[in-house]
Each structure stands twice: as C-alpha cells, then as structure tokens.
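Note sheet for the following structure.
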Amino acid sequence: MDASVVKVMGMTWYRGQFSQLQNRAFRSYQPRICLKCPSVQAERSKRSSVRAGISCALKLKTGMKICPLQSCASVSSPFYASRTMSSFGCELLNSGIPMNVSFHGLVGGPWPTSYASNSISRSYSQTAKAGTRNRIISTEGGSSGKTTTDAAEVPDSSKKISGAKEIRKGKGKSKSKQPKVSPESNLTVAEVVESVDTPKTVQKKVKRSPAKKKKSSVESSSLPKSNEDFTGKSNLKASPTPSSCVVTKAKSQGGKAWPQLYPPISKSVVVVESVTKAKVIQGYLGEMYEVLPSYGHVRDLAARSGSVRPDDDFSMVWEVPSPAWSHLKSIKVALSGAQNLILASDPDREGEAIAWHLIEMLQQQDALREDVSIARVVFNEITESSIRSSLQAPRDIDADLVHAYLARRALDYLIGFNVSPLLWRKLPGCQSAGRVQSAALALICDREKEIYDFKSTEYWTINAHFQNNNLNSINNATVTSHLTHFDSKKLNQLSISSNVEAKRIEEKINLSKFEVIGSKISKTRRNPPMPYITSTIQQDAANKLNFAASYTMKVAQKLYEGVELSDGKATGLITYMRTDGLHLSDEAAKSIQNYVVEKYGPNFATKSTRKYFKKVKNAQEAHEAIRPTDIRRVPSSLAGVLDADSLKLYTLIWCRTMACQMEPAIIEQLQCDIGNADQSIVFRSTCSRVEFLGYQAAYVDAETIRVRHSDDDGGHRNDVFEILSKLKYGQPLFLTNVLLDEHHTEPPPRYSEGSLVKKLEELGIGRPSTYATTIKVLKDRKYITMKSRALIPEFRGRMVSAFLSHYFSEVTDYSFTADMEAELDNVSGGITEWKGLLKDYWTRFSKYCESASGVHIHQVEKMLEKTFGDFLFSSLRDGNRTCPSCLAGTLVFKVSRFGAGYFIGCDQHPKCKYIAQTLYGEDNDDDIQDQQKRNVEEPTLLGLHPASQDKILLKRGPYGHYVQLGEDRKGHPPKRASLSHIKDVASVTLDIAVDLLQYPVTLGNHPDDSQPVILKLAKGGFSIRHRRTIAPVPKNLKPSEITLEKGLELLNGKDVKRCGRPKQKKSAEPAEAM
C-alpha cells in the first residue's frame, strides 16, 4: 500500500511507508481538527473545498494499525488533516498541533503523482519530538513486505549536514538549480525525502567539492526549510560524520553521543562574541582550549533592496563585512589543529543565529574537517563553575531559534525596505520606519495627542489642622486632616469646583466643633519585588539612576562579560542580562536564602524558595532572571573595581536579588476620622509605619547607600503614627487652621524611557532586548526628543506616525504588532512554520505598499492638514486662513519639493508665492525660539515707497526676516533686502527699508580694467565686489560713507575672498626637440 509523505507534529512518514501510531502527544490533541477532502484524481489547482468536521480526527487506540490512514476517518476519499487558521497561518484555538493548512497535512491513499509532488515540495517538516514513541513499518517501493522498527532505530537526520536543497519529485521542475544527490549517498531518508521517490538508505559518502573563495562579500542563500535541510546553500559541504552536527532541536539531544569536552581530552576551539568574554573564559579553561571572539555577527543581510526575495521562497542575500573575514580566518587557522568546535555565543535568539552563521561561513571556506565535532553550549553566567558545567552539557543548534531569527530579520527588512522609500518620496526628510519602531512611535504620538486634546478642570481641596483642646499639654501636636464628607455626602476629586463653593464650605467648618469619631488600625503585607528581567531593569535604572535604556544595557553587558577583581582574577558579576525569565536556579536561590539568614537573621528569609512566573504577553522563560553570580560579593567590595555607574547598577541588581527571597514587609496602617456633632462634616487623617522590615531590610542596608529605597522616610511617619494612636474616641479637638488649595486636572504624563518600556511590555510589542535599540533609533532619526526625561515627538515623527496609521494601519496597530510577536514566539517554540508566516504576512503587506505607492503627494498634504490643522493654524488671528498677500488664496500645509522642509503657504502657487511659516520637524532647545518657529507671522506693511508708491512689506522667510518692495507677481520677482544683520527687527522703519532696498549700488569703475565696483547687501551684511573678488565691509563702517577709493582699499585688504571658477593656468610651451 502506497502512502504519500506525511509531515505533521514533528513526525514524518514517507512514500511507501505507513504508521502504527503510538504517540501520546498525538492522541492528546482533541477536537478542533477538520478534514479537507479533495477528489482523488483532482489536480492541485482544482481541489475541492469540502470540509468535514469531526470530534477528533486523529483519536487513535493504542496498537491500532492504519492501512491506509484515511481508514480512521468518517470520509471515504483521501484526505489531509488541517485546522482553523489565523491570519498568520496558525491555529486560533488553544491547541498545539503545528499544522499549516497550505504546507502540512496527513496525506494517504493512491494520490496522483503530480499532486503529491506539488504538495510534498512545499512541506516543511520537523524532526520527531523528544519523548515520542513512533513505530514505523517500512516498505520498499510500495511492496507488501513490512519491516517494523522503532523510531529510535531510524538514522538521525539531524546529525548530518545536508547540502541537498529541495528537489521536486516526478516531472515537476524545480525553480532553482538543485545539487545532485547520489543514490548511494550517506544522507538519511529524512534529508532527501523531497528529492527521491522511495526512501532507500545508502552507504556511500557524498564527495565534497572544494568551495572556491570569492572576492565578493555578498552571497545569496536559499534558506533552510527544515531541521534536516538547514544549511540553506547548494554549495555548502555535506559532512557524513555524525559529529559534525549543525542543527536540530535542542530537546532531541538525548540520543546523541557527544565527545567529551570537559575535562579536555583533545584541543578545542571556543567561539564567543566579545574580546572581554574571550579573555575571561580563556583564563578559566587553560591551554587545551583556544577562545576566540567573533565580534558579533559575521554576516548580515545586505543593506540594499532585494536582499529578501519573497518570490524566490524568501531566500536572502547575506553580506560579510570586511572585518569579519579576518575573524573567520583566525577561527579557521585555530581549527586546523583542533578536534572540537564549541560555539558559545549568547544564550538567546541572536546568539543562536551567530552560531549558525559561523558554521555556514566556515563550511564555505572548507574549515570544518570531517573529524571536527561541532557543539553548541550556552553560558548563563561567566563563572568558572558555570562554564565547566555548560561544557559538560553540549547540544545542537536550535533550529527553531534560528528560524525565529530569520523570520524576524526578514519581516523587519521587508517592512523597512518597502515603507522607507515611500516615506522618502511622500515625506521628504523622514528616513525610515520599522515594525516595532512604528508601534513605539505611535504610542508616543498618541499620548501627545491626548495631551493636546486634554481640557483641564478646576477643583479645590480643603485641609484642616487640629490640636488637643488642652493647649498646655506637653504632648500637644498638630494633626493634619483632609475633608472627605460634607453635608453627609462623600466628596470625590471634583466635588468642589470653584473658589466660591470652597469659601462657603470653609465658613461652615469654622462654625463647627470637632471631636474624634472613629479610629481603625489594620495590617497589610507588602510582598517583595520580583527579580530583574531585561525590561524591569531598564525601567528601574531609568527611574532611580536616570540611565537611558541603551546605556543600561551597555553597563549590564560589561558586568556580564566580566571584570578583573582586586585579587587579579577576572569573573562575570551578573547572569545574562537579556532574559524574560523570572526564575532562579535552585542552587542560587538556596545560596541567597543562606546569606539572608547570616546577614539579617532567620526571620527575614523565606521558609521555602520563592518562585516567580511571568504574567505579561509573549514571555519566554528560557533563562534565569538577572542576578549576581555570587550573592556574597557585596557592592562595597567592588567600590575600587567598578566605575560609579557600573557600581550603581550592580547595587540595584544585588538589592533586588536579595529582596526577592526575603519575607514580606508588614505595614501597620492607622485611620482616624474627625467630625462635628452630627457627623455631617468629616475629616480624615491617615498614617502608616513599618512593623516588620522584611525584604525592605535589603534596601536600608549600608550596602545600598547609593540607591536608597523610595520609602526611606520612616522617622517622620513613626512620629505622626504615635500622635494619631493616642487620640481616643470622643476626644474633642481644636480647629486651628483651614487651608483651601486650588488644583487643576492634569493631562496624562508623557512617556519616559522607563514608562515606554513598561507599556511596550504590557502590550506585548517587540522583545525587551530590542527596546533600547528601538528608542535609540527614534532619537537618531529625530522623530522624538528627550526633555526633562520625557519623550516628546517632533513634528516630523508625528507626520510619519500619521502617514503610517493612514496608509499602513497594521504596522502601527498595537494588537496586530503584539499578535505578530506572539506568532514569532511560536516560531521559536516550533509551533509555527516560519516561511508560512512570512508568506501570509507578505501577501497582505504588499497590497498596502501597492496602494500607498499610488497616492499622490497632494493627498498626503491634505491628510496631514486635516490631522494637524488645529496645531498648524493655531496662531492665525481668528482662524482666518486667507492669504494676506494675494487676498484670493487660502493658507494650506505643503511639502517642499526640495530638501526636507514643510511650510504653510498660499494654495494659488505659482501665482502667489507667499510663505507664512516654514517647518522642519525639529524643535529648538530654546522655548522662545521654539514658540516663534511655530507661530505663523503675517507680513507687516511698513508703508509706501516714496518714488514708486509700491508697498514695502516686512516678511519672514526660511533664512530670516527681510523687506520686500511690491507684491509677489508671476514673472516679476520683487526686490528684496535681507535684515539678518539687524538684531532688533521690530526697530525697522520705512526709512530704513527704503535705504536698504536701494542696494546694490555701483561706486564706480575699477581703474585697472574699467569693470564696476559694487556695494551690495547680502545675508552676512554689506560687501564690496569687483568681478570675482569680494571684500566684507567692517561693521563699524557705515555704507553711506563708502566711496570708490574706500572700496578699492578694502578690495586690496587681507579679508578678500574669491568666488566662481578659478581661471585655468596656461600650459607651458613644449620644449624644443634636442
């Protein structure tokens, strides 16, 4: 019985094979599966869309044989199982089967060759998951003979390096040139399942052809579609040795025999990312290891259009920077005498991608011999014990993490390189847009709009001071209370809305007598804070240390990579700082508890280890939280080792880590009510004090003097608490003073870096490790600016956000961006197929690009004018937008065709060239200049010219103020004179303007060549010009005093400049021939 290829849930069945399913995970997936049934003889393009819903399509009994697979369904025709898909090609319901309706399926029966080959060639499989028990009944070429084997006995395809790319079966032709695979190659069935008809296991090794070195630093890569075909290049070498493992799932390493990496029995090359980390690790490992840095990524997408090719199955063009060649050469030389290559880049998605890029490049350069073993290890902390234990737990490169990297990289590229050119054409001066960058900018701009639209409301509060009636009492003290009830009604924030109402209430309060009408004491427990993750350390460092997010990560990177201590040893001080996980290792948590007992006593330590879990969207708890590598290394011991900022950040981390494993603080709260006889007027006093410090002991420790806890004002609170606690029910109090305070409601505050990071994390937009880079890009593009720690959008940034919201609504939509992030996280988890995700997104996104490219720039101007009209024309008198120059046109917002300017001008251009205001999207640091730039200035009529009777106008242009003779007329440019040399423009009168408009003036002819000598007024002031020679007029010399003789003297002075193209020197006459 023939069965076509089945690729679902990480399990693979081949043509000529059928399966007895004994997979617990498979059987556990209940309903939400439907069947799509095509006709047996139908071509792929004519598939039927009939769907049959069943309660559980794949609910199988143990030991049940399926021959063929469709026998378990309630339909007679061949089928493949699919599920309801989201817009990203993924299941909307809470089920975990990673099927894509286009690419995955359960295919059975005698399918036509053309249909099977077409569907199979688009399948992206995964290797079997760890813990599954599949029994495969194998047949050869459709024969009835059956051989039963365990899945564990099938050769592990993930242990091979496959250079074979996807080859269609049957008569279908591949779109790209495919490498030939020998029928006797040593590749396993899983590696060539898409290129052969029957799964024959062969023995002969694939011959490795030497790769020619190319001078070009650019290469095109066909990206990996599965773990078995992960090398992604047709010219990469395939190593037949199991030790040369490139990619597989990290969970599937249990059955692989790894060489001993520690203690060393052979020489190994360890590749890390930075020089600092390499030096520290080299000191730990000794001479049997050579630790080399890769200096980050050894290649990246080429920074030009076409580097991601959706039409070519999302192949990518990679570019190798010039410095990376020398780094690769160093690694290649080191591998010549080594047996092991250990890839120890950072334990995150980027680190996994760096390791993958290294293997790709080293294979191209023939640097990986057949006897070289490749292992991936991760160092969560740079300490000797952690590094040694990590070397004893090697694994393969995680294919899902690399797929997630490729998907994110491709998405960001496709958005950036398609939206940015549109911005350049439609909004000159706006440089770029990105996936997370655009959503973050939209948050900042939306908050600015809320502030602009906010209407403030007046309200009043009333406070009173009371004292004990016994004024001679030694313990008599003032009690401050605030009004909570009046006329037996509870007051809210806006209950007292005017001064008149507040005065009326004050009069009644002064006529009343007061006493204590109630007192209540309660206790609350304040839990310790969670340990730091990437986002929370950025928030705390911004709020407490005033660090920018990018600077926080820079300092944390230094603490992670290691520093040299006072004893001469180098070590890492904190664990990996790019993490979403809140958990601590059992060993670390126990060490913290023991140190808490030693330092503060047993009452302060938790009885059992406190566990923390992430509650925000898209949490990936793959790594530990950020903590010191040794909790006993107190901040004071590093005072002479670290710089001031590094020590402050380490102190924050040390305090937070200590506090997270301590007991909660117990807070005692006291509430005292003071009222009149009928209790129609009630004041309330509240206070609290700390009964048990608990975790707060870590923040008041002498070690934390650099970063004190925000609640460190216990002395005053204790005094007030003692006063209130001595008041008795019914005790009369004397009213000493009534205070009326006016307030106004305030708009929501602008985002700071810390609050923006918190909001992005709450919405699930982006990854915390990218927040610092996102904010930095927005600053560099001059889309936002920071003033007093607040992020303020520039007008340029607001225009970009409005443009994207109008024409690319999905790019700035918060929920869409968060859902996209969730799908990308599913790629990391192996749930979503990455190319299917890219294809679905690109199909829709390309339509947005096509639609936006057809928009005329005038439509963009109208959209921006409608969006920001109130802001742009707020300074016009009475909102009158009539052009003051021609009186026929209307002032509108326009985009400059030259440069990056935006201006408010007359819509009758080119008849009327009046410009009221020029905007460049950049605010000035000086508030006065900023306000002047925003204001629209109408031209001022100074009077009429005494000779021509034309109007003389005082106007402002992009280069400053000037005076103009006459109106703007087509074909007759008016005469103008700059006022840049006059500081006080308001002092310009009609006489001054008439005098300035007479220039340029001819002083006479030069005695040498009879050419005119001209006195002219330029932007920098007055100057004398003779042909190409220009001489500035000193500021202490009046223009009216300059004669021809004075002009000639200035032309012969030292400050003379020459303009225009210099004359060419005459070539020397050729010498006579000898």
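In the context of the full protein assembly, Val317 retains an accessible surface of approximately 10 Å², using a probe radius of 1.4 Å and ignoring ligands and nucleic acids.
Among the protein heavy atoms of segment 794-906, carbon and sulfur supply 51% of the accessible surface, probe 1.4 Å, non-protein parts ignored.
Once the cut-off is 17 Å, how many percent of the Cα-Cα pairs in segment 843-893 end up in the long-distance tail?
Counting every Cα pair in segment 843-893, those more than 17 Å apart make up 54 percent.
Label sites at Asn594 and Thr1043, each approximated as a point 7 angstrom past Cα along Cα to Cβ, lie 10.1 nm apart. Taken per residue, the accessible surface of segment 354-400 reaches 24 Å², heavy atoms only and a 1.4 Å probe.
For the set His806, His961, His858, His357, the ranking by accessible area, highest first and with no ligand, DNA or RNA atoms included, is His806, His858, His961, His357 under a 1.4 Å probe.
How large is the direction-averaged shadow of the alpha-carbon convex hull of segment 807-854, in nm²? Value for segment 807-854: 3.3 nm². Sequence-ordered 3J(HN,Hα) estimates for segment 1014-1020 from the Karplus curve with 6.51, -1.76 and 1.60 and θ = phi - 60° stand at 10, 9, 10, 10, 10, 4, x Hz, glycine and proline given as x. Averaged over its residues, segment 939-1004 has an accessible area of 59 Å² per residue, based on protein heavy atoms and a 1.4 Å probe. Highest mean first, the peptides 888-894, 604-610 sorted by other C-beta atoms within 10 Å per residue fall in the order 888-894, 604-610.
Structure note, pairs Lys782/Lys1035; Lys544/Lys611; Lys569/Lys787: Cα-Cα distances above 32 angstrom occur for Lys782/Lys1035; Lys569/Lys787.
Per-residue SASA remark: Trp424, around 150 Å² accessible (1.4 Å probe; ligands, DNA and RNA not included). Over segment 807-888, accessible surface divided per residue gives 46 Å², non-protein components excluded, 1.4 Å probe. The residues neighbouring Arg689, those whose beta-carbon lies less than 10 Å from its own, together hold a net charge of -3 under the Lys/Arg +1, Asp/Glu -1 convention. Can you tally the net charge around Asn1052? Count Lys and Arg as +1, Asp and Glu as -1, for every other residue whose Cβ sits under 12 Å from the Cβ of Asn1052. The answer is -2. When +1 charges are put on Lys and Arg Cβ atoms and -1 charges on Asp and Glu Cβ atoms, the dipole computed for segment 521-577 relative to its Cα centre reaches about 420 debye. Antiparallel beta bridges, as assigned by DSSP with both residues in segment 258-337, represent about 45 percent of the total such bridges. Remark: for residue pairs Lys277/Lys779; Lys329/Lys839; Lys975/Lys1046; Lys599/Lys776; Lys558/Lys758, the C-alpha separation exceeds 32 Å in Lys329/Lys839; Lys599/Lys776. Each part gets one Cα centre, and for segment 501-578 versus segment 982-1058 those centres are 65 Å apart.
The values are calculated or read from the model by the stated rules, or taken from the named source; none is laboratory data. All figures in this text were calculated on a predicted structure; none of them were measured in a lab. Every residue, glycine among them, receives a Cβ derived from its backbone with ideal geometry; neighbour counts consider all protein chains shown. Only protein heavy atoms, including side chains, enter the accessible area calculation; ligands, DNA and RNA are left aside. Shrake-Rupley method; radii C 1.70, N 1.55, O 1.52, S 1.80 Å.
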